[in-house]
DNA sequence: TTAATGTTTGACAAATTTGTTAAACAAAGA
DNA sequence: TCTTTGTTTAACAAATTTGTCAAACATTAA
């Protein structure tokens with residue numbers, strides 16, 4: 001077979017992502033991952049050579065996905081307002097599916113004192129920041145350093161999902177109520193960020 | 001000696017907190033902690049019996065500190081506005097010193113499928129939520145579910161520090177610039193949250 | 001069918017990390 | 001001083017986790 005069969009390899013990788021990004025189990029062992037995928041642990045080594053390489057690949061792909069998201073959402077001829085709506089919608093949906101993805105990226109980059117992050121190029125983020133600046137110049141959104149705007153936006157979207165367990169505990173919110181609140185946030189965040197209708 | 005000497009025990013615990021909360025190394029081993037504290041690893045077991053118990057103690061104390069913060073900041077006869085300013089000031093300072101404290105709490109609670117979090121009682125959070133509701137009734141802040149208000153507030157404060165490494169990478173921000181931005185955020189967050197001056 | 005190639009498995013080895021023990025050491029009181 | 005108690009250390013044992021290997025198995029092409 002010349003073209004590599006992606007079945008098992010993909011299964012392992014997807015399972016790893018589920019464990020890390022969805023369940024937030026950052027300490028998962030290769031055994032944990034293999035069990036969850038229903039395969040022999042040796043296959044993890046067969047396809048990825050080592051635990052470290054599996055982690056690095058998962059990290060790289062997650063960063064790629066983030067970059068992809070950023071770039072696809074900020075091209076096209078939609079208005080800034082519509083792009084913003086779309087970004088909030090897509091990013092919130094993704095974060096609801098994978099609330100701990102960024103948490104994984106943060107701990108992995110801390111772990112190796114190595115910043116993979118700047119591979120997400122200016123070519124994607126800088127145009128976004130420029131768009132924000134333009135919109136401020138037009139008076140459509142409150143003037144501030146565009147980087148603050150971006151931090152505000154991503155904070156409001158990501159943090160409540162990231163800290164779900166804590167928030168639920170602190171505020172005595174049930175699981176079903178929490179989902180409701182998270183869905184409401186899409187609209188709420190847009191109104192906070194882009195107030196002058 | 002009847003009263004237990006807290007020297008070494010406290011040193012180990014403080015070092016563990018520094019590693020987890022300040023450096024974000026959630027995977028630190030007992031050896032890592034002992035080395036960083038400059039003591040023999042056996043002492044970790046002497047004082048805490050096991051790694052697990054050290055982790056649990058650190059987790060408990062971190063939750064206690066959060067509860068403490070919440071309760072001390074929301075008693076007294078300051079106006080809501082002043083309390084809010086104070087909360088932002090104190091919480092941001094704490095989070096700048098310990099940006100990964102919540103990250104640690106989140107992963108630890110995920111790890112054991114156990115919610116220590118609800119030990120932070122209604123007795124502290126509920127009065128806060130009531131204050132927020134009151135302020136909304138007065139028309140001083142935008143009306144919404146007070147829980148959203150609280151999530152917004154903590155998101156804006158915690159997330160940019162939590163995701164510092166990523167943000168710096170994404171937006172090409174230097175360390176010194178980042179500190180500047182974080183200090184600006186205190187005022188910026190207050191204005192966002194409490195807009196009608 | 002047979003050979004070749006790729007996949008899966010269990011058994012084993014190595015490495016890492018945690019936990020235990022006994023002995024050395026230090027400080028304080030009788 | 002001597003004893004007692006608490007602290008620190010090194011050596012060791014146990015447990016966990018990662019990585020390797022050869023053999024079994026499956027699939028495809030000649």
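Read-outs: derived from the displayed coordinates by stated rules, not from any lab. Quantities reported herein were computed from a predicted structural model and do not represent experimental measurements. Cβ coordinates were reconstructed from backbone atoms using ideal geometry, including for glycine residues, and neighbour counts include every protein chain displayed.
Summary table below
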| read-out | value |
| --- | --- |
| Nearest-0.05 FRET efficiency for residue A:144 and residue B:144, computed from C-beta distance (R0 30 Å) | 0.90 |
| Cβ-vector label at 7 Å, residue A:89, separations to other copies in nm | 4.3 |
| Ascending list, in nanometres, of distances separating the residue B:49 label from those of the other copies (7 Å, Cα toward Cβ) | 4.4 |
| Gyration tensor (alpha-carbon) shape descriptor, segment A:60-193, a/c threshold 1.5 | oblate |
| Cα gyration tensor, the protein assembly as shown - rounded (a/c under 1.5), prolate or oblate | oblate |
| Relative contact order computed over chain B (Cα-Cα under 8 Å; 6+ residues apart), in percent | 22 |
| Ranking of A:123, B:71 by count of other Cβ atoms within 10 Å, fewest first | A:123, B:71 |
| Span from the segment B:37-77 Cα centroid across to the segment A:116-186 one, whole angstrom | 31 |
| Shielding by partners - mean other protein chain Cβ count within 10 Å, residues of A:167-176 | 6 |
| Copy-to-copy label separations for residue A:72, where each label sits 7 Å from Cα toward Cβ, in nm and ascending | 4.8 |
| Ranked B:193, B:12, criterion: other C-beta atoms within 10 Å, fewest first | B:193, B:12 |
| For the protein assembly as shown, calculated [θ]222 nm from helices alone, where every DSSP H run of n ≥ 4 adds -39500 (n - 2.57) | -22500 deg cm²/dmol |
